[in-house]
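Heads up, the thing below is written out as structure tokens.
The values are calculated or read from the model by the stated rules, or taken from the named source; none is laboratory data. Predicted model, so just to flag it, every value in this text is computed and none were measured. Reconstructed Cβ throughout: ideal geometry from the backbone, glycine too, with neighbour counts over all protein chains shown.
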Amino acid sequence: MSPAPINIQNTTAANILLDQQNQAFVHALEQSGGPPLQTLAVVDARGVLESITKHEPAKDISVEEIHVQVGGKNVSTFIYKRKEGNAQALPFIFYTHGGGWILGSPSTHANLMEDLARESGCAIVFPYYTPAPDAQFPVQFEESFGLLEWTDKYVCAGDSVGGHMAIAMNYLANVRSLSVKPSSLVLFYPVTTTSEQSSMYQEFENGPYLTKAVLEWMTAAFLPKDADRKLPISSPLNFMSGGDLAKFPPTTILCAGVDPLREEAEEFGYRLQKLGVDAATLRVDGQIHDFAIISAIRTSPGARAAISLAALKAKQAHF
């Protein structure tokens, strides 16, 4: 079935196409009449994402929590893998989660981690880094990178700001001469710049779902200093050199069709391609941001196809 047009009040895009599940989810959000996310207390904002990603744990996936010392601090890390065949040594997907650096947790992303573990045959390493505003740049990068020093044979992956962090992990692995570097990158609708706003910020200023105001709130919580937004690690689209980008491994970028981050994600992919990197950028039409984790829409045909492709690309990087 072709996506049906939906008119979003106060949205500047004249014709937004959403598939049926995305349309129903957005309509339900409109009807709920809740306050804007950025006006909530942080704990309440985190609860919103928890509520729309809630699901029952899969019976065929095991989850182990470990604690790794990074810079004198214990960083909680969750390992997801299929229960069948646990005795064998598995390659890893090193997954940094989205949620605007403020939101997100093992529970908000468990459904996606289960799918990736099941379909790729890999073990998922999920660092639960300290969120903003509890900590700010570069703490989240350093906590996550510290775990890479004991990770072998891995793909870097992530969604939204977690995709941004996955890009940073690959960059740091190169500039800090980490002995084992990512074999591939798999990114869902990543942030690729924090120093400027693409035209999509205006096109989807008021959503649906992810708004310009929410993105600005999240960036300010993580990167309050303008100077920090103009570094290669924080704005790779604008400030990462061609020499650094040319060293990237095969990269797959899966963009949501209706998303203020779409343009910057696609531009990053195109820049990699021009530098000779094996980079594929695909737009999943009919989908809003976070389609891979929102319970009401992640089972839509477009979302399922994107998740399966992400798992396949991770699997192909190892097997």
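If you check every pair at least six apart or on different chains, which have Cβ atoms under 9 Å apart with a residue in the stretch 306-319 that is touching a residue at least 60 places away in the same chain (Cβ under 8 Å) and closer than 15 Å to PHE291 by Cα first and a residue that is surrounded by fewer than 20 Cβ atoms within 10 Å (Cβ to Cβ) and among the charged types (D, E, K, R) second?
Once the first residue is touching a residue at least 60 places away in the same chain (Cβ under 8 Å) and closer than 15 Å to PHE291 by Cα and sits in the stretch 306-319, its partners that are surrounded by fewer than 20 Cβ atoms within 10 Å (Cβ to Cβ) and among the charged types (D, E, K, R) give ILE307/GLU119; SER308/GLU119; ALA310/GLU119.
Restricting attention to the stretch 305-319, which residues are under 16 Å from the mean Cα position of the chain (by Cα) and either assigned to a loop (DSSP other than H, G, I, E, B) or surrounded by fewer than 18 Cβ atoms within 10 Å (Cβ to Cβ) (or both)?
Scanning the stretch 305-319 gives SER308, LEU309.
Identify, by number, the condition in (1) acidic (Asp, Glu); (2) more than 25 Å from ARG304 (Cα to Cα); (3) in a loop (DSSP other than H, G, I, E, B) that GLU143 doesn't meet.
The single condition GLU143 does not satisfy is (3).
Is there any pair with a first residue in the stretch 97-126 that is within 23 Å of ALA305 (Cβ to Cβ) and of a type in the set (Asp, Glu) and a second that is in a loop (DSSP other than H, G, I, E, B) and modelled with pLDDT of 95 or more whose Cβ atoms are under 9 Å apart and which are 6 or more apart or on different chains, and what are they?
Within 9 Å, the pairs are GLU114/PRO57; GLU114/ALA58; GLU114/ASP60; ASP115/ALA58; ASP115/ALA292; ASP115/ARG298.
Looking only at the stretch 77-120, which residues are of a type in the set (S, T, N, Q), over 30 Å from TRP217 (Cα atoms) and in a helix (DSSP H, G or I)?
SER120
Mind listing whichever residues of the stretch 134-148 are over 19 Å from VAL43 (Cβ atoms) and acidic (Asp, Glu)?
Scanning the stretch 134-148 gives GLU142, GLU143.
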